[in-house]
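*Asks:* Structure in structure tokens, see below.
The values are calculated or read from the model by the stated rules, or taken from the named source; none is laboratory data. As the structure is a prediction and not an experimental result, all values here were calculated from the model. Virtual Cβ from ideal backbone geometry, glycine too; neighbours counted across all protein chains shown. All accessible areas refer to the heavy atoms of the entire protein, side chains included, with ligands and DNA or RNA removed. Shrake-Rupley method; radii C 1.70, N 1.55, O 1.52, S 1.80 Å.
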Number of protein chains: 2
Amino acid sequence: MKRFTPLVFAAMCAGVMAQVPPPQPPRVISPEVHADRTVTFRFRDPNAKEVMLSREGGQRVAMQKDDQGVWSVTTDTLEPDMYGYSFVADGVGLMDPVNPLIKPNLLNPQSMVHVPGAGLTWEVTDVPHGRVHHHFYHSGVVGDDRDFYVYTPPGYDPAAKQTYPVLYLLHGFSDDASGWTAVGRANIILDNLIAQHKAQPMLIVMTLGYGAPEIVRPAAGPRSPDLGRRNMEKYRDALFDEVIPQVEREYHVIKDRQSRAIAGLSMGGAETLFTGLNALDRFAWIGAFSAGGGGADYDKTYPGLDSSANSKLRLLWIACGADDRLIEPNRKFIAWLKSKEIQVTPIETPGAHTWMVWRRNLSEFAPLLFRKKTS
Amino acid sequence: MKRFTPLVFAAMCAGVMAQVPPPQPPRVISPEVHADRTVTFRFRDPNAKEVMLSREGGQRVAMQKDDQGVWSVTTDTLEPDMYGYSFVADGVGLMDPVNPLIKPNLLNPQSMVHVPGAGLTWEVTDVPHGRVHHHFYHSGVVGDDRDFYVYTPPGYDPAAKQTYPVLYLLHGFSDDASGWTAVGRANIILDNLIAQHKAQPMLIVMTLGYGAPEIVRPAAGPRSPDLGRRNMEKYRDALFDEVIPQVEREYHVIKDRQSRAIAGLSMGGAETLFTGLNALDRFAWIGAFSAGGGGADYDKTYPGLDSSANSKLRLLWIACGADDRLIEPNRKFIAWLKSKEIQVTPIETPGAHTWMVWRRNLSEFAPLLFRKKTS
């Protein structure tokens, strides 16, 4: 059992003393990533009856308690990746209190563990890095104060005249606007793909995906039946009327449909399909990751969509993990698209409804974007 | 007891279904901020023997368990502010699992609660907002991959020629580079002060404050006795050799000492004093918040510092909360400065070693910066 007693760092910091905290039990180390890519998780909870490890993409596993009240479990060898996890103590999911790496989420914040690997797109490598710009604004469309993030690629120079294409990238239900950077590592993925000449240098705009923010807030009573639809429509309106105009004013971007892509995961994938397929005058590149199709009544959700879209769509890329519960709706939607003779790139990957799938989706999708027509 | 059962949001999201989670007990609502500015905290932990609320700036208070295993407590009326807190369950500090607002920290991440008020500098108001730019780079000085943040004020236009002064703003021990924005709300404070014409438009650069990052990592054995000193020196070297040159290359800033300020809290205050008072050729404005003086042996830490500094220093602003354990070292340091006939603005405020003090410090300090000489 590895632990350490925190030093009084104060004395070391050349006279900077923190307030002396109340006595604490010895600090537990968690997570501990071993060289063989097994991971030991530890959690002190002396009186819990049962503590489980809940790991993204894994089955819940029971942890064992030692005589100090510390529960622990060591995983099998894991694929190099970032994994969300929580400890489920007597039925309650908890963040790891000694792990600073948080997976932000509006309903279910968790902890994250990084199992490092080599040559993976989401690993920080010694290549030029882009920047992530955090914007704050009042949305007149939605009626709240909100934020969005803009990734600019390495070499982007606000003083120069070079212009770039833009990918609008949407998070999933219960994520916040930081999801695609803090968890999805979109900026690192693009840094690496650009350095390897696998993707065009591009901007990525990561918005807050709630047109009706009450959808992600606790509610005492039943929800309005049109909440889901309103959430998508107001999301689209804020994107079209507020975010895209601001981005195109403030950044050096190419303002035509051939240089504008939209993609998203889960709820953001549904918003992507609803927004993008109904606005092919704005977007030539569309990607949906684990979206499940975006609406049960396709004819109603995509009125007028037919094979004439093929002349406008440079890419309609629809991916889902084979172990995702949305795989069947996803297949159904693809079948509908094909019945309409709309050209689609259907992708089935290993994995479930997890960020491990979505980081790989972005890593595959981004290289396909903004290529010159070869015909 | 307010709770809600989460709806299956899936069905509402126009067909977007999340993976069905394992059965959960009814969701607890926490924190609940009431109109009278009392706050109810709730935490489900059926088998804990004792759960305490630990709130920034407050005494620990016992929570009471109901027959559902939910512990709760309602505070007295609180001053409008942002408060860090955790639940201490059988001696273990835990983040609130249902609160998405996290107080990032490398050793002790907590939750935060916002008790809103009016006219406070850290409240988002309907004024123009600046932006926060997140930079990533490999530090040759320290030997790691690290980040820093740059706030640009409203109206900052990379394409225009207007130049701005810069405040270098340092976090405390165990914070990460996001501390001054995520917790200190420096960007919101400056947005408001600038809109009210109380502060000059300026950039704020918020760096990672560890020159020796092992200082904030678990260690099995004793630390090198020079770790604190090395942490400060390498911090300064990275600031001078890497961060400042990059900022001055990439942003429209005024490159003279009259337009360069440095300030920090706690460990960052000590680094500020060490860095700034030994480099008056670079900084004319210096602020230390709850720093305690930065080094026990002042003559050794600030060799050669004497009253000739007064002709260079436009401001040496040294603040500490009266309930901070560092108030005595702080007074001792101010007495030493006075014995050297160095002009100093000593500030004692209410409060302890908390972000409530530091947000107010920044709100008072920033308006003093970069004023024209009136003599």
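*Asks:* Only one residue in B:Thr345, B:Thr354 is in contact with a Ser or Thr (Cβ under 9 Å, 6 or more places away or on another chain) and of a type in the set (S, T, N, Q), so which one is that? Full working, then the answer.
*Replies:* Numbers: B:Thr345 fails: in contact with a Ser or Thr (Cβ under 9 Å, 6 or more places away or on another chain).
Result: B:Thr354 is the single residue among B:Thr345, B:Thr354 that is in contact with a Ser or Thr (Cβ under 9 Å, 6 or more places away or on another chain) and of a type in the set (S, T, N, Q).
*Asks:* Tell me, yes or no, whether segment A:308-315 has at least one residue that is assigned to a strand (DSSP E or B), within 23 Å of the chain's Cα centre (by Cα) and farther than 25 Å from A:Ser178 by Cα.
*Replies:* The answer is yes, given that some residue of segment A:308-315 is assigned to a strand (DSSP E or B), within 23 Å of the chain's Cα centre (by Cα) and farther than 25 Å from A:Ser178 by Cα.
*Asks:* Continuing with this model, one more query. State all residues of segment B:203-232 that are free of Cβ contacts under 8 Å to residues at least 60 places away in the same chain, under 17 Å from B:Gly264 (Cα atoms) and more than 10 Å from chain A (Cβ to nearest Cβ); if no residue qualifies, say none.
*Replies:* Once the filter is applied, which keeps residues that are free of Cβ contacts under 8 Å to residues at least 60 places away in the same chain, under 17 Å from B:Gly264 (Cα atoms) and more than 10 Å from chain A (Cβ to nearest Cβ), segment B:203-232 yields B:Leu203, B:Ile204, B:Val205, B:Met206, B:Thr207.
*Asks:* Taking the condition of being within 14 Å of chain A (Cβ to nearest Cβ) and touching a strand residue (DSSP E or B) at 6+ places or on another chain (Cβ under 7 Å), how many residues in segment B:273-290 meet it?
*Replies:* Keep residues of segment B:273-290 that are within 14 Å of chain A (Cβ to nearest Cβ), which gives B:273-275, B:277-278, B:288-290.
This time we only want the ones that are touching a strand residue (DSSP E or B) at 6+ places or on another chain (Cβ under 7 Å), so: B:273, B:275, B:277, B:288-290.
Qualifying residue count, segment B:273-290: 6.
*Asks:* So, in segment B:90-111, how many residues would count as being open to solvent by less than 10 Å² (accessible area, probe 1.4 Å), part of a strand (DSSP E or B) and more than 7 Å from chain A (Cβ to nearest Cβ)?
*Replies:* The number of residues fulfilling the criteria is 1.
*Asks:* Looking for something charged (D, E, K, R), within 11 Å of chain B (Cβ to nearest Cβ), part of a helix (DSSP H, G or I) and open to solvent by less than 10 Å² (accessible area, probe 1.4 Å) - is there at least one such residue anywhere in segment A:187-202? Even if it seems obvious, please write down each step before you answer.
*Replies:* Taking segment A:187-202 and keeping what is charged (D, E, K, R), we get A:191, A:198.
If we keep only those that are within 11 Å of chain B (Cβ to nearest Cβ) too, we end up with A:191.
The next check asks that each one be part of a helix (DSSP H, G or I); those that pass are A:191.
Now narrow it down to the ones that are open to solvent by less than 10 Å² (accessible area, probe 1.4 Å): A:191.
For segment A:187-202, residues charged (D, E, K, R), within 11 Å of chain B (Cβ to nearest Cβ), part of a helix (DSSP H, G or I) and open to solvent by less than 10 Å² (accessible area, probe 1.4 Å): present.
*Asks:* May I ask you to list the residues in segment A:335-357 that are within 19 Å of A:Gly276 (Cα to Cα) and within 14 Å of chain B (Cβ to nearest Cβ)?
*Replies:* Hit for segment A:335-357 is A:Trp336, nothing else.
*Asks:* Looking at B:Leu78 and the list (1) surrounded by 16 or more Cβ atoms within 10 Å (Cβ to Cβ); (2) facing chain A (nearest Cβ under 10 Å), which single condition is not satisfied?
*Replies:* All conditions are met except number (2).
*Asks:* Would it be correct to say that B:Arg359 is at pLDDT 95 or above and touching a strand residue (DSSP E or B) at 6+ places or on another chain (Cβ under 7 Å)?
*Replies:* On the way: at pLDDT 95 or above: yes; touching a strand residue (DSSP E or B) at 6+ places or on another chain (Cβ under 7 Å): no.
No; evaluated as a whole, the condition is false for this residue.
*Asks:* Against the condition more than 21 Å from the chain's Cα centre (by Cα), at the interface with chain B (Cβ under 10 Å from one of its Cβ atoms) and not hydrophobic (A, V, I, L, M, F, W, C), how does A:Pro128 come out, does it pass?
*Replies:* Yes.
*Asks:* Of all residues in segment B:61-73, how many are open to solvent by 80 Å² or more (accessible area, probe 1.4 Å) and assigned to a loop (DSSP other than H, G, I, E, B)? Give the steps one after another, and end with the answer.
*Replies:* Narrowing segment B:61-73 to residues open to solvent by 80 Å² or more (accessible area, probe 1.4 Å): B:64-65, B:67-68.
Narrowing further to those that are assigned to a loop (DSSP other than H, G, I, E, B): B:67-68.
Total satisfying the criteria: 2.
*Asks:* Would you call B:His129 in contact with a His (Cβ under 9 Å, 6 or more places away or on another chain), open to solvent by 30 Å² or more (accessible area, probe 1.4 Å) and outside any strand (DSSP E or B)?
*Replies:* Against the criterion (in contact with a His (Cβ under 9 Å, 6 or more places away or on another chain), open to solvent by 30 Å² or more (accessible area, probe 1.4 Å) and outside any strand (DSSP E or B)), B:His129 qualifies.
*Asks:* While we're looking at this one, here's another question. Considering only segment B:52-67, I want to know if a residue exists there that is closer than 17 Å to A:Val88 by Cα and without any contact (Cβ under 8 Å) to a residue 60 or more places away in the chain.
*Replies:* Taking every residue of segment B:52-67 in turn, none turns out to be closer than 17 Å to A:Val88 by Cα and without any contact (Cβ under 8 Å) to a residue 60 or more places away in the chain.
*Asks:* Does B:Ser339 satisfy being more than 24 Å from B:Val183 (Cα to Cα) and small (Gly, Ala, Ser)? If you could, list the steps in order and put the result at the bottom.
*Replies:* Details: more than 24 Å from B:Val183 (Cα to Cα): yes; small (Gly, Ala, Ser): yes.
Considered against the rule, which asks whether it is more than 24 Å from B:Val183 (Cα to Cα) and small (Gly, Ala, Ser), B:Ser339 comes out as yes.
*Asks:* Next question. Which residue pairs have Cβ atoms closer than 7 Å, lie 6 or more positions apart in sequence or on different chains, and pair a first residue in segment A:81-97 that is under 16 Å from A:Met356 (Cα atoms) with a second residue that is acidic (Asp, Glu) and open to solvent by 10 Å² or more (accessible area, probe 1.4 Å)?
*Replies:* A:Tyr83/A:Glu56; A:Gly84/A:Glu56; A:Tyr85/A:Glu56
*Asks:* Pairs needed: first member in segment B:28-51, at positive phi; second member anywhere, open to solvent by 40 Å² or more (accessible area, probe 1.4 Å); C-beta distance under 7 Å; at least 6 residues apart or different chains.
*Replies:* Close Cβ pairs satisfying both conditions: B:Arg37/B:Thr77.
*Asks:* Further question on the same structure: Out of B:Phe173, B:Phe136, I need the residue that is free of Cβ contacts under 8 Å to residues at least 12 places away in the same chain, in contact with a Gly (Cβ under 9 Å, 6 or more places away or on another chain) and open to solvent by 10 Å² or more (accessible area, probe 1.4 Å). Which one? Walk me through it before giving the result.
*Replies:* Working: B:Phe173 fails: free of Cβ contacts under 8 Å to residues at least 12 places away in the same chain.
Within the list B:Phe173, B:Phe136, the selection yields B:Phe136.
*Asks:* Only residues that are more than 12 Å from every other protein chain (Cβ to nearest Cβ), free of Cβ contacts under 8 Å to residues at least 24 places away in the same chain and within 23 Å of A:Trp358 (Cβ to Cβ): list them for segment A:295-333, please.
*Replies:* A:Arg331
*Asks:* Moving to a separate point now. Just for segment A:139-161: of the residues that are facing another protein chain (nearest Cβ under 8 Å) and assigned to a loop (DSSP other than H, G, I, E, B), which one is least open to solvent (accessible area, probe 1.4 Å)? Step through it out loud before you land on a result.
*Replies:* Of segment A:139-161, the ones facing another protein chain (nearest Cβ under 8 Å) are A:145, A:158-159.
Next, from what is left, pick out any that are assigned to a loop (DSSP other than H, G, I, E, B): A:158-159.
Numbers: A:Pro158: 37, A:Ala159: 74 Å².
If we take residues in segment A:139-161 being facing another protein chain (nearest Cβ under 8 Å) and assigned to a loop (DSSP other than H, G, I, E, B), then A:Pro158 is least open to solvent (accessible area, probe 1.4 Å).
*Asks:* In segment A:233-245, which residues are without any contact (Cβ under 8 Å) to a residue 60 or more places away in the chain and over 19 Å from the mean Cα position of the chain (by Cα)?
*Replies:* Answer for segment A:233-245, where residues must be without any contact (Cβ under 8 Å) to a residue 60 or more places away in the chain and over 19 Å from the mean Cα position of the chain (by Cα): A:Glu233, A:Phe240, A:Pro245.
*Asks:* Just one of (1) of a type in the set (A, V, I, L, M); (2) out of contact with any His (no Cβ under 9 Å at 6 or more places or on another chain); (3) within 13 Å of chain A (Cβ to nearest Cβ); (4) in a loop (DSSP other than H, G, I, E, B) trips up B:Ala177, so point out which.
*Replies:* In the conditions (1) of a type in the set (A, V, I, L, M); (2) out of contact with any His (no Cβ under 9 Å at 6 or more places or on another chain); (3) within 13 Å of chain A (Cβ to nearest Cβ); (4) in a loop (DSSP other than H, G, I, E, B), B:Ala177 misses (2) alone.
*Asks:* I'd like to know if segment A:162-169 contains one or more residues that are surrounded by fewer than 18 Cβ atoms within 10 Å (Cβ to Cβ), within 14 Å of chain B (Cβ to nearest Cβ) and over 22 Å from the mean Cα position of the chain (by Cα).
*Replies:* Checked segment A:162-169: at least one residue is surrounded by fewer than 18 Cβ atoms within 10 Å (Cβ to Cβ), within 14 Å of chain B (Cβ to nearest Cβ) and over 22 Å from the mean Cα position of the chain (by Cα).
*Asks:* Something else now. B:Val216 passes all but one of (1) under 17 Å from the mean Cα position of the chain (by Cα); (2) of a type outside the set (Gly, Ala, Ser); (3) closer than 23 Å to B:Glu250 by Cβ; which number fails?
*Replies:* Only one criterion in (1) under 17 Å from the mean Cα position of the chain (by Cα); (2) of a type outside the set (Gly, Ala, Ser); (3) closer than 23 Å to B:Glu250 by Cβ is unmet by B:Val216, namely (3).
*Asks:* On to the next question. Could you grab me the full set of residues in segment B:311-332 that are surrounded by 15 or more Cβ atoms within 10 Å (Cβ to Cβ) and either farther than 14 Å from B:Pro346 by Cβ or of a type in the set (A, V, I, L, M) (or both)?
*Replies:* B:Leu313, B:Arg314, B:Leu315, B:Leu316, B:Ile318, B:Ala319, B:Asp323, B:Arg325, B:Leu326, B:Ile327
*Asks:* Of the residues B:Ser54, B:Ser86, which is at the interface with another protein chain (Cβ under 9 Å from one of its Cβ atoms), open to solvent by less than 20 Å² (accessible area, probe 1.4 Å) and in contact with a Gly (Cβ under 8 Å, 6 or more places away or on another chain)?
*Replies:* Values: B:Ser54 fails: open to solvent by less than 20 Å² (accessible area, probe 1.4 Å).
Testing whether each residue is at the interface with another protein chain (Cβ under 9 Å from one of its Cβ atoms), open to solvent by less than 20 Å² (accessible area, probe 1.4 Å) and in contact with a Gly (Cβ under 8 Å, 6 or more places away or on another chain) leaves just B:Ser86.
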